[in-house]
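Notes follow the structure.
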Amino acid sequence: MTEPQLSITQAGTHFTPRAHYLNTASIGVPPRACVEAVQESIERWSRAELAAPDFDPFVAAARRSFARLLGVSEDHVAIGATVSEFVGVVANSLPVGAEIVCAEEDFTSVLFPFLARRGLKVRLVALERLVQSITASTRLVAVSAVQSADGRVFDASGLREACRRHDAATLIDATQAAGWLPQPWSEFDYVIAAGYKWLLSPRGAAFMYVRPERLEQLRPLAAGWYAGEEVWDSIYGPPLRLARTARRLDVSPAWLSWVGCAASLAFLESVGVQAIHEHNVRLASLFCERAFGRKSESAIVSVPGDSAFERLRGKGISVSRRAGATRLSFHLYNTEQDAIAAADALSRI
């Protein structure tokens, strides 16, 4: 395989989700280019036409695309499979007794690695009190940029200012934000994102941006051949020879996931984060205005109670239940008709 050269024309603008699919916050729908790239690789695999190094260009292309989407250097981006493994790297690099501040209602992939690490002091507070809970004893603040349960967009500027004032590090889970929410991501210390939601990639592709001055503070937990300075010269024997960049935190890639991820991220790049943000929030606001007479600042909308879930599902609208509410999420493949259909389905509740 040669390095993929993907354009918006090759990626295609067509998706094939079921009618009124409003559930990207659970799992994104891949663009046609992603599906075709994975299918082609499976076919070549079945004919014994592939060797392991053939997948490296796709990993490299995905890493570069993710870096550009975030506005950071690719040298500062590691690749892995899940959010929790990267949060675990940070958690296990902290000294015993370090104080971590987290939002008590956050997604557990952000919380559990810190709670599972012995010797850390984890303070859980309500999201709206997170910034004011940071003190001089706080070593790190970990929080999602957008809350999975209800779509609340966190006050990132306030967090950065408070953490700088108290010399605390920042860890941001951008899984529900990367790809649609513009942010100055490079100003945070660690930014982690899984690719299977808003990045429209197969599950098994995840990323972590590490601010350069923090890299030496991290201890790789699953260092293997793919974390080597020269990958294919790092497959046997000592000495330890990790990459000088954030690649030292890489784990061996799930190959087919990265084939699809490279195609999906190239497509998202061709559209642009700002354009995606405007599209997604416009549709979420259209739904909210029609249903509740208010706008939305997020691509994710939460409707209290289970009756909305049953009503929407009964109308063939795909949504999810989260934290005692019904969650809707709007992305590139959604249209005004999706927003209107969902709002009208709730008109009798």
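Some observations on this one:
- Some residue of the range 215-222 being touching a Ser or Thr at 6+ places or on another chain (Cβ under 6 Å) and hydrophobic (A, V, I, L, M, F, W, C): yes
- Note on the range 121-133: residues that are over 16 Å from GLY97 (Cα atoms) and either polar (S, T, N, Q) or out of contact with any Gly (no Cβ under 7 Å at 6 or more places or on another chain) (or both) amount to 8.
- Test result for PRO113, crowded, with 19+ Cβ neighbours inside 10 Å, in the same structural domain as VAL259 (by TED's automatic domain parsing), farther than 19 Å from LEU268 by Cβ and not β-branched (Val, Ile, Thr): yes
- If you go through the range 24-66 and keep only what is part of a loop (DSSP other than H, G, I, E, B), hydrophobic (A, V, I, L, M, F, W, C) and more than 24 Å from MET208 (Cβ to Cβ), you end up with VAL29, ALA48, LEU50, ALA51.
- Summed over the range 189-227, residues that are of a type in the set (S, T, N, Q), within 17 Å of the chain's Cα centre (by Cα) and either assigned to a helix (DSSP H, G or I) or surrounded by fewer than 24 Cβ atoms within 10 Å (Cβ to Cβ) (or both) total 0.
- SER41 vs. criteria hydroxyl-bearing (Ser, Thr, Tyr), more than 24 Å from ARG327 (Cα to Cα), modelled with pLDDT of 95 or more and crowded, with 17+ Cβ neighbours inside 10 Å: yes
- GLY119 modelled with pLDDT of 95 or more, assigned by TED's automatic domain parsing to the domain that holds ARG211, touching a Pro at 6+ places or on another chain (Cβ under 9 Å) and on the phi > 0 side of the Ramachandran plot: yes
- Figure legend. Inter-residue proximity from the range 301-330: first residues within 12 Å of LEU22 (Cβ to Cβ) and basic (Lys, Arg), second residues modelled with pLDDT of 90 or more and assigned to a strand (DSSP E or B), beta-carbon distance below 7 Å, spacing 6+ or different chains. Indicated pairs: ARG327/ILE300; ARG327/SER302; ARG327/SER320.
- Within the range 269-299, the set of residues being farther than 20 Å from LEU200 by Cα and free of Cβ contacts under 8 Å to residues at least 60 places away in the same chain comprises SER285, LEU286, PHE287, CYS288, GLU289, ARG290, ALA291, PHE292, GLY293, ARG294, LYS295.
- Screening the range 58-111 for residues that are among the aromatic types (Phe, Trp, Tyr) and more than 20 Å from SER133 (Cβ to Cβ) and picking the one that is nearest to the chain's Cα centre (by Cα) gives PHE66.
- The range 80-103 residues that are under 19 Å from ARG63 (Cβ atoms), paired with ones that are assigned to a loop (DSSP other than H, G, I, E, B) and of a type in the set (Ser, Thr, Tyr) (beta carbon under 8 Å, 6 or more apart): VAL83/THR175
- Any hit, the range 304-320, residues being touching an Asp or Glu at 6+ places or on another chain (Cβ under 7 Å) and either closer than 21 Å to SER347 by Cβ or surrounded by fewer than 19 Cβ atoms within 10 Å (Cβ to Cβ) (or both): no
The values are calculated or read from the model by the stated rules, or taken from the named source; none is laboratory data. Source: prediction; values computed, not measured. When we count neighbours, we look across all protein chains shown, and the Cβ atoms used for this are built from the backbone with ideal geometry, even at glycine.
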